[in-house]
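Peer 1: Okay, handing you the structure first.
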Amino acid sequence: MTAPPLDTGCVQRLYVEHHGWLVQVLRRRLHCSHQAADLAQDVFVRVLTSRHREALREPRAYLRTVARGVLANHFRRADLERAYNELLAAMPQVLVPSAEVRLEILQTLAALDAMLDGLGARTRQIFLLSQLDGCTYPDIADRLGVSINVVQKAMSRAMAQCYRVMWDDDA
């Protein structure tokens, strides 16, 4: 049985006592106080929606762990945006999508990245062979030297991860 979410009073106390410290930790990594403040807010949103009680026992260790995940996501998203912007810069201007479409594409890429990051290497490879290369399960099994049953189970895990990522984004 999971613990109930942390109560707002507990999170408020955690925020008041540790927000400044967390912003400084993030600022040292990002070299930008504005980004550090934004990501600190993201950390506290995650804490607020978390079901973990570690924050009560070791608040700074808990906040540092949550911040590490937020930073990793931030840097991955920045890398994705940079690669996408480089691709756009190489395109003829008439083919460059509108700002709204670019934002939708970046959000989709970030969701795909999160989904793929949650998969093991073989499951990710199987998923990509199926979804991007259009390989059939028997083709994938032959190519990787595994049984069709292994491919089916890997695809089930990959699809479950897709649904988890989609569900988390809707929440």
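Laboratory data are not the source of any read-out in this text; all were calculated from the coordinates shown. Bear in mind that the values here come from a model prediction, so they are computed numbers and not experimental data. In this analysis, Cβ positions are derived from the backbone assuming ideal geometry, glycine residues included, and neighbour counts consider all displayed protein chains.
Peer 1: So how tilted is helix 8-30 from the main axis of the chain? Cα-based, degrees 0 to 90, rounded to 10.
Peer 2: Approximately 70 degrees, to the nearest ten.
Peer 1: Right, here's the next one. How do HIS31, HIS74 line up, fewest other C-beta atoms within 10 Å first?
Peer 2: Starting with the residue having the fewest Cβ neighbours, the order is HIS31, HIS74.
Peer 1: Could you please state, rounded to a whole Å, how far the C-alpha centre of the range 103-151 is from the C-alpha centre of the range 7-29?
Peer 2: Cα centres, the range 103-151 to the range 7-29: 38 Å.
Peer 1: Helix 148-170: angle to the longest alpha-carbon principal axis of the chain, degrees 0 to 90, nearest 10?
Peer 2: 40 degrees
Peer 1: Starting from the Cα gyration tensor of the range 98-171, take the square roots of the eigenvalues, sort them a ≥ b ≥ c, and report rounded, prolate or oblate (rounded when a/c is under 1.5, otherwise prolate if a/b is larger than b/c, else oblate). Write down the numbers at each step before the final one.
Peer 2: Details: a/c = 3.18, a/b = 1.92, b/c = 1.66.
Prolate shape, in that a/c is at least 1.5 and a/b is the bigger ratio.
Peer 1: OK, next. Provide the packing ranking of 94-106, 35-47, i.e. peptides ordered by the mean count of other C-beta atoms within 10 Å per residue, highest first. Before the final figure, lay out the partial values.
Peer 2: On the way: 94-106: 10.5, 35-47: 18.8.
Packing order, densest peptide first, comes out as 35-47, 94-106.
Peer 1: Let me ask another. Run the numbers for GLN12 and SER147: contour at 0.36 nm per residue of separation, minus the present Cα-Cα distance, in nm.
Peer 2: In short, 43.4 nm is gained.
Peer 1: Given [x] 1.30; [y] 1.02; [z] 1.45, which label gives Cα Rg over 2.2 N^0.38 Å as computed from the coordinates?
Peer 2: [x]
Peer 1: Something else: Taking only Cα atoms, what is the 0 to 90° angle, nearest 10, from helix 99-117's long axis to the longest principal axis of the chain?
Peer 2: 90 degrees
Peer 1: For the chain, what is the calculated [θ] at 222 nm in deg cm²/dmol (nearest 500), taking -39500 (n - 2.57) for each run of four or more DSSP H residues and dividing by its residue count? All intermediate terms of the calculation are to be shown ahead of the outcome.
Peer 2: Details: 8 runs with 137 residues, N = 171.
So the helix-based figure for the chain works out to -27000 deg cm²/dmol.
Peer 1: Please give the peptides 64-73, 144-153 ranked by average Cβ packing (other Cβ atoms within 10 Å per residue), highest first, as a rough proxy for protection.
Peer 2: The most tightly packed comes first, giving 64-73, 144-153.
Peer 1: Moving on. What spacing in nm lies between the two simple spin-label points modelled at GLU58 and ALA160, each 7 Å away from Cα in the Cβ direction?
Peer 2: 2.9 nm
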